[in-house]
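Below you'll find the structure, written out as structure tokens, and then a few comments.
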Amino acid sequence: MHQSISSPAAGARAHRDATTLAEAGRQQIIGLLLLLVTLGLIVAPWIVGYPDSAKDAHRNELGVAIVVFLVALRRFAHYPGARPDLLVLAAGAWLAVSPWALSMQKTAVFDGTRITDVIIGCLYIALSVVSLAMMRNSRERGGDRPTDTL
């Protein structure tokens, strides 16, 4: 005979499968999106055409890109906890405000960097918030996957 879909065992298995799929999506899809956004940040100076006087902004972007790139790569090896997402959130917030913070220090800031940094900073913030929300939703559903503490 065949087991009914409404049995408790089938319901628990479906719940576990949905939780595992959500965790995998959080780990891999968010990680892939972080890598793509970071690649955009790395190539932005050549696409937008930063002048040579905007070296401080470019160094800042490269520093943020390296941090987020390493965090995103680590997502593929371990299920991330909240700390990697909070690190990406902080990096995105810094990137979004950094053109104004750098310009207060009398450094040259190109208008193209402001646009690029704000857009990519907001994308980092959005991806980290979505990932944190997915983690919270998974835990509320009873996900018991061990997470990486960074």
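Observations on the structure shown:
- Considering the conditions (1) small (Gly, Ala, Ser); (2) at negative phi; (3) over 24 Å from the mean Cα position of the chain (by Cα); (4) at pLDDT 60 or above, Gly49 is excluded by exactly one of them, (2).
- Among residues of segment 70-82, those that are open to solvent by 80 Å² or more (accessible area, probe 1.4 Å) and within 22 Å of Ala96 (Cβ to Cβ), counted: 1
- Within segment 111-140, residues that are closer than 13 Å to Val97 by Cβ and open to solvent by less than 30 Å² (accessible area, probe 1.4 Å) reach partners that are at pLDDT below 90 and aliphatic (A, V, I, L, M) with beta carbons closer than 6 Å, at six or more positions or on different chains, in the pairs Thr113/Ala54; Thr113/Ala57.
- For Ala91, the conditions (1) surrounded by 15 or more Cβ atoms within 10 Å (Cβ to Cβ); (2) at pLDDT 95 or above; (3) within 15 Å of Leu32 (Cα to Cα) are fulfilled apart from (3).
The values are calculated or read from the model by the stated rules, or taken from the named source; none is laboratory data. As the structure is a computational prediction, the values presented were derived from the model and not from experiment. Backbone-built Cβ (ideal geometry, glycine too); neighbour counts: all protein chains shown. Areas reflect the complete protein model, heavy atoms only, side chains present, ligands, DNA and RNA absent. Shrake-Rupley method; radii C 1.70, N 1.55, O 1.52, S 1.80 Å.
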